[in-house]
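Notes follow once the structure below has been shown.
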Number of protein chains: 2
Amino acid sequence: MTIYQAPLRDIRFVLDELLVEERAEPLPGDEELTPDLVAAVLEEAGRFCEEVLHPLNQSGDEQGCTLDNGVVRTPEGFQDAYRQLAEGGWIGLPADAEDGGQGLPNTLATAVTEMESAANLAFTMYPSLSIGTYEAVRAHGSDALKQRYLRPLVEGRWSGTMCLTEPHCGTDLGMVRTKAVARDDGSYRVTGNKIFISAGDHDLTENIIHLVLARRKGAPDGVHGLSLFLVPKFLVSEDGTPGDRNGVTCTGIEHKMGIKAASTCALAFEDARGELVGEPERGMHAMFTMMNSARLAVGIQGLGLGEIAYQNAVAYARERLQGRALKGARNPDGPADPLLVHPDVRRMLLTMRAFTEGARALTLWVASYLDKAQRHPDAAQRQASDDLVALLTPVVKAFITDLGSEVTNLGVQVYGGHGYIRDNGMEQFVRDARIGQIYEGTNGIQAMDLVGRKLPAHVGRLLRPFFHPLAAYLEAHAGDAALAPLAKAFGRLQRATGWIGQRGLADPDEAGAAASDYLRLFGLVAMGYLWARMAEVAQAKVKGDEGLFYRAKIDTARFYFERLLPQSSALYAAIMAGSDGMMSFNYEAF
Amino acid sequence: MTIYQAPLRDIRFVLDELLVEERAEPLPGDEELTPDLVAAVLEEAGRFCEEVLHPLNQSGDEQGCTLDNGVVRTPEGFQDAYRQLAEGGWIGLPADAEDGGQGLPNTLATAVTEMESAANLAFTMYPSLSIGTYEAVRAHGSDALKQRYLRPLVEGRWSGTMCLTEPHCGTDLGMVRTKAVARDDGSYRVTGNKIFISAGDHDLTENIIHLVLARRKGAPDGVHGLSLFLVPKFLVSEDGTPGDRNGVTCTGIEHKMGIKAASTCALAFEDARGELVGEPERGMHAMFTMMNSARLAVGIQGLGLGEIAYQNAVAYARERLQGRALKGARNPDGPADPLLVHPDVRRMLLTMRAFTEGARALTLWVASYLDKAQRHPDAAQRQASDDLVALLTPVVKAFITDLGSEVTNLGVQVYGGHGYIRDNGMEQFVRDARIGQIYEGTNGIQAMDLVGRKLPAHVGRLLRPFFHPLAAYLEAHAGDAALAPLAKAFGRLQRATGWIGQRGLADPDEAGAAASDYLRLFGLVAMGYLWARMAEVAQAKVKGDEGLFYRAKIDTARFYFERLLPQSSALYAAIMAGSDGMMSFNYEAF
């Protein structure tokens, strides 16, 4: 019952018109990647999302996954769609050509991930975990592991998982109990129980490659005693074909609020054969390769769900006739006016739009720096780009998933009672979006990462590639009154940053108490910067052929500055209130 | 898997310690209602909610309602619980003694509704609609109708419904197509289709009494052509026993995001025998009796769900060991510290607490004025009280249901991944809370009611019983620095009120554009006023026996003033941005 149209024009606006400076010179390897080629890839991806993935989204939610006799079955149509996904080369879009991938940049992969997530988030989780597994093995695995595992992952014949969480520990992985005992042949016997393993078992691929955090015998307690092991579901023979079953079984699947078509498994490892990935006791380090890319991907999911919620809400607001415009009928021949005439409905839709388009600009902007961090010929540029990505990864993850929940909830609200009915599909977006604020590190953990790790790193060095260009931009546009709200919000962010830096150093609870509000303030300002730039780009073109399109960019920016960015004032006040109010609250009195 | 403990001490704090002035003199009829008697009733109600209703909450959600051969079945255990509810006299708590009710005041009924909603919202909808039906028939029905229908509703032998919505109209009831044709005996033949009818059919009572909005033959178009009809499921014979089936059938039940154990029915009326309730073409007027009380009840539901989410989140935060306190281990002998040591977890819990306790104070405060409006011996006091209730009804409905969604979502967040798992029960609260923002008039409609009807009514008269006492309170406490945030927020509310009054008069879109943000600002200030008073009450007692309890009130008030009330600044800025940004946005460009 829902619709989805790949937002190709909006994506191209960001890639080709907004990020002109960032993407001015092609990075090594991108020389042949013309805007036309990018457009063609996006169009093809968009069609696949519209025609293959989206039609399975609601039925997938209704059917969910099932576990029978230790076998997880995905909903009807998922096997066929997955086959098409793999054959189309979509799984390996960002993977190296030498591993069977398409070697396309992160910007492009980000845009495709947005569309896939919008069309069918639950489905998208399967290939998304494969690429995470691919990246971790590629970055940390031995040549033998790479030789054996990378290509099947990229080609989609096998899939991957991240096995971190255990019943008694999620955030606090230092408590992991899964054990690894060395065997004579250099491999390990892995034993333990993992829960919440996305794509932990399913019927889409001929093998599943688990990356498992476990503790080697004799290794120290805590996170620094953890190593990463590759544990295939089926043992892989010398010639690379899956053979005997390994000692890992799916002992249960979770019934969840949403993403019901994505299997979430409890896995029991019993003397499973595993191979070390990377150095012993450096498991967290290796896992972070996977987690950072996963965190960006989760932010993009929030964007995708916001986009599809917006599209449906607008369609409904055009078609549903209810009430009359406050200043007189706009549709006098009909029994009522469309919802879209009502100011409060417009408020909701413009909020959805401003946050969604802003989130698209933000994710693609960060992706463009991820490309530079990986491939820019100049080391200083690589470092500065890497700094910016490291700084903004928790912001993209937490801020955009928070917005994903807000925007999808507004989508339900525009539908009124019909939004609460499952058949109409709007409430599924809310349920699916809700996990984004939780998995890959809760948004509270992201906020702690921002204030506790990223701000103080290298005496604030990570802030520079964000603060300096923004300050320069504001200075260059000092006469533009429309930017006053951004300048104000940026001032608050700067003061809050200084305050946290100073107070947090002396008392870590001060940083902790400020963290979540600070992260949102950061996100609002970053998005505001990109809205300012989008409006500027549009202003130059608003008198041309696509006047309506560019006018909407300018007007959405205005709405963002007038109605949404002022949230920065409340956040600033909350941050500056300090930690005492919450930390002195009596433990027993809660 | 969830817990629930009736918050009796907190309810008594509001009734007996906060609302001292409002409840200083017993209203006529309440002379024998001592605090001890109130406490006894609340304790008994609390036990019923804990022991009978709460255990059926999750199973009810899992099973939902089913429709087989036109018969709706409620989940297992609902029939027995309903029988106990009726036998205990709980349905008729606020109903007149002469109708078989207990004649207890709205304050008490509000507290009981909170507990019932917390324990099992879906279940609570059945009796709640019966009382709404009772109130409408009592206020507008003929003596014959009252004689026949009131007592069975109060005793719970029969239940009631509100049949307003049709497939093509929800908010805009002017488009109702259901028709009523007069019969020779003075009754009507009612024909039409209604949807989204809560408790429209079920297996809990021997009869169901539908109140149906329909248009008499020849009546004018629009809302002013609608009349209200009482249509029983089974025709009632002279001796008051249900007999033949009437022409109303349940043609479908909705599958919803939440409140799955509450049946939501499509009803087909075909020449159903109905009797006019009240004057012809005054159906909306009669229906509003039911809707105003229902709107307050929906706000209370948001409070109840917030309370149970808070209780579970705190219990989890105490018991779940994860990570270490930032300033060193608090539980050094355990493998980790409880979640409750972390600032960001405290931020979430205190937000939940401040909003929930604030919402309880707000609902009971309004209920105390509803009692006065109905029964105060002095006409001027009745009028002023009625004005205050009319003003705050949309605020209670919309603000507190918005908070219900925010607080239940925070509850999920405190649980992390475990919050997303259905078995743990936290996500059900989110799904159940979501409907509160939609039904009984969406929260956008509530906001329009506030700015479009309540503010301008009688040249602003409704504002007086709110603005004057608050201004006086602030003046009397002018030296108290802790109240500065409240004074600031109140100033914003006053300025925004003046601005909307002025601009909205000239351009209704200005009022419409400001409405939702204004309603929230209003709610924040009203809640702030009550937090100020709660802190003052607690301050006087904090050195006594219950020091911990009173200290927590003071500290929660502080958190509210420091961290939540500053939202008023962002809301004020959004309001003052005006309507142009959203109204000038091109219709086609959405």
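The values are calculated or read from the model by the stated rules, or taken from the named source; none is laboratory data. Just so it is clear, the model here is predicted, and its values are computed rather than measured. So basically every Cβ, Gly included, is an ideal-geometry build from the backbone, and we count neighbours across all protein chains shown. Heads up: the accessible areas ignore ligands, DNA and RNA and are worked out on the full protein's heavy atoms, side chains in. Shrake-Rupley method; radii C 1.70, N 1.55, O 1.52, S 1.80 Å.
The Cα atoms of the range B:460-582 cover 56, 27, 21 Å along the three principal axes, with the biggest extent listed first.
Charging the Cβ of each Asp and Glu at -1 and of each Lys and Arg at +1, and nothing else, the dipole of the range A:509-590 about its Cα centre rounds to 660 debye. Can you give me the relative contact order of chain A as a percent, contacts being Cα pairs under 8 Å and 6 or more apart? Relative contact order of chain A: 13 percent.
With a 1.4 Å probe rolled over the protein heavy atoms of all chains, the accessible area of A:HIS210, B:HIS285 falls in the order B:HIS285, A:HIS210, largest first. Within 10 Å of the Cβ of each residue in A:320-327, the mean number of Cβ atoms contributed by other protein chains is 6.
Over the range B:87-183, the hull volume per residue, using the convex hull of the C-alpha atoms, is 140 Å³. Distances between copies at B:LEU67, taken between label points 7 Å from Cα along the C-beta direction, are 3.4 nm in increasing order. With axes computed from alpha carbons, what is the tilt in degrees of helix A:379-415 against the longest principal axis of chain A, rounded to the nearest 10 within 0 to 90? Taking the Cα atoms of chain A, the angle to A:379-415 is about 70 degrees. Please say if the range A:244-325 is rounded, prolate or oblate, where rounded means a/c under 1.5 for a ≥ b ≥ c the square roots of the C-alpha gyration tensor eigenvalues, and otherwise the choice is prolate for a/b larger than b/c and oblate otherwise? Cα axes put the range A:244-325 in the oblate bin.
Highest average first, the peptides B:416-428, B:26-38, B:347-359 ordered by how many other beta carbon atoms sit within 10 Å of their residues are B:347-359, B:416-428, B:26-38. Projecting the Cα positions of A:GLY100, A:PRO75, A:ALA119 onto the charge dipole of the range A:72-134 (unit charges on Cβ atoms of Lys, Arg, Asp and Glu, taken about the Cα centre) puts A:PRO75 furthest along the positive direction.
Could you please report the charge total around B:LEU340, scoring K, R as +1 and D, E as -1 over all other residues with beta-carbon less than 12 angstrom from its beta-carbon? Value of the local net charge: +1.
Considering every pair of different Cα atoms, what Kirkwood radius, in Å, is found for the range B:8-140? Evaluated on the range B:8-140, it is 16.1 Å. Annotation for B:LEU548 and B:ASP96: the two label points, set 7 Å from Cα along the Cα-Cβ direction, are 4.8 nm apart.
In this view, the solvent-accessible surface of B:ILE253, computed with a 1.4 Å probe and all protein chains in place, comes to about 30 Å². Using θ = phi - 60° in the Karplus curve 6.51 cos²θ - 1.76 cosθ + 1.60, the 3J(HN,Hα) couplings for the range B:524-538 round to 4, 5, 4, 5, x, 4, 6, 5, 4, 5, 5, 5, 5, 4, 5 Hz; x is entered for Gly and Pro. Each label point was placed 7 Å from the Cα along the Cα-to-Cβ direction; for A:GLU475 and B:ALA40 their separation is 7.7 nm. Each Lys and Arg adds +1 at its Cβ and each Asp and Glu adds -1 at its Cβ; summed about the Cα centre, the protein assembly as shown shows a dipole of about 1920 debye. The accessible-area loss of the range B:437-478 on complex formation, taken against its chain alone with a 1.4 Å probe, reaches 40 Å² or more at B:ILE438.
Which of the three applies to the protein assembly as shown, rounded, prolate or oblate, going by the alpha-carbon gyration tensor with a ≥ b ≥ c and a/c under 1.5 meaning rounded? Judged from the Cα gyration tensor, the protein assembly as shown comes out prolate (a/c at least 1.5, a/b above b/c). Here the contact order of the range A:305-397, divided by its residue count and restricted to Cα pairs under 8 Å and six or more residues apart, works out to 20 percent.
From the Kirkwood radius over Cα pairs of the range B:419-499, Stokes-Einstein at 4 °C and 1.567 mPa s returns a whole-number translational diffusion coefficient of 81 µm²/s.
Measuring between their Cα centroids, the range B:155-212 and the range B:524-590 lie 40 Å from each other.
Highest mean packing first, where packing is the average number of other Cβ atoms within 10 Å per residue, the peptides A:403-413, B:8-18 line up as A:403-413, B:8-18.
If I fit a long axis through the Cα atoms of helix A:283-319 and take the longest principal axis of the Cα atoms of chain A, what angle between them do I get, 0 to 90°, rounded to 10? With both axes taken from Cα atoms, the answer is about 40 degrees. The mean number of Cβ atoms from other chains found within 10 Å of a Cβ in peptide B:344-354 is 5, as a whole number. Listed cross-link partners A:LYS488/A:LYS553; A:LYS327/B:LYS256; A:LYS256/B:LYS256; A:LYS397/A:LYS541 are compared with a 26 Å cut-off, the Cα-Cα value being larger for A:LYS327/B:LYS256; A:LYS397/A:LYS541. A straight line joining the Cα centroids of the range A:274-307 and the range B:319-383 runs 36 Å.
For B:PHE288, inter-copy separations between label points set 7 Å beyond Cα along the Cβ vector come to 6.3 nm, shortest first.
Using the alpha-carbon positions of the range A:125-255, Rg (one decimal) and Dmax (whole number) come out as 14.2, 40 Å.
Using a ≥ b ≥ c from the Cα gyration tensor of the range A:245-389 (square roots of the eigenvalues), is it rounded, prolate or oblate, where a/c under 1.5 gives rounded and otherwise the larger of a/b and b/c decides, a/b for prolate? Judged from the Cα gyration tensor, the range A:245-389 comes out oblate (a/c at least 1.5, b/c at or above a/b). log10 I(q)/I(0), Debye, Cα-only the range A:23-91, no solvent, q = 0.13, 0.19 Å⁻¹? Values returned for q = 0.13, 0.19 Å⁻¹ are -0.55, -0.83. This model, with +1 at the C-beta of Lys and Arg and -1 at the C-beta of Asp and Glu, gives the range A:287-422 a dipole about its Cα centre of some 280 debye.
Ignoring ligands, DNA and RNA, please state the percent of accessible area on the range B:297-453 from carbon and sulfur, probe 1.4 Å. Carbon plus sulfur share of accessible area: 51 percent. Roll a 1.4 angstrom probe over the protein heavy atoms and tell me the percent of accessible area of the range B:460-582 that is carbon or sulfur. Summing carbon and sulfur atoms, their accessible area is 56 percent of the total for the range B:460-582. Once the chain from A:SER237 to A:HIS458 is taken as fully extended at 0.36 nm per residue, the excess over their C-alpha distance is 74.9 nm. Database remark: amide H of B:GLU166 closer than 5 angstrom to the amide H of B:ILE195 (H placed geometrically; neighbours at sequence offset of 5 or more, or on other chains; Pro and chain starts carry no H). Per the accessible-area calculation with a 1.4 Å probe, the total area buried between chain A and chain B rounds to 8300 Å². Backbone amide hydrogens, once placed in the peptide plane, bring A:SER142 within less than 5 Å of A:GLY278, excluding anything fewer than 5 places away on its chain. Across the range B:456-463, rounded Karplus estimates of 3J(HN,Hα) from the backbone phi angles (6.51 cos²θ - 1.76 cosθ + 1.60, θ = phi - 60°) give x, 4, 6, 6, x, 4, 5, 6 Hz, Gly and Pro being marked x.
Here the Karplus curve 6.51 cos²θ - 1.76 cosθ + 1.60, taken at θ = phi - 60°, turns the phi angles of the range B:64-77 into couplings of x, 9, 10, 10, 10, 6, x, 10, 8, 10, 7, x, 3, x Hz, with x standing for Gly and Pro. Farthest toward the positive end of the dipole of chain A, out of A:MET257, A:ALA109, A:GLY274, is the Cα of A:MET257, where the dipole comes from beta carbon charges about the Cα centre. Under the convention of a label 7 Å out along Cα→Cβ, give the distances in nm from A:ARG461 to the same position in every other copy, shortest first. Nearest to farthest, the other copies are at 7.1 nm.
If you take all other residues with their beta carbon under 13 Å from the beta carbon of A:ALA6, and give Lys and Arg +1 and Asp and Glu -1, the sum is -4.
What whole-number value in Å² describes the accessible area per residue of the protein assembly as shown for a 1.4 Å probe?
So the protein assembly as shown comes to 35 Å² accessible per residue, rounded to a whole number.
Taking all protein chains as they are arranged and a probe of 1.4 Å, the heavy atoms of A:ASP239 leave approximately 120 Å² accessible to solvent.
The alpha carbons of chain B give a radius of gyration and a Dmax of 24.2, 84 Å, in that order.
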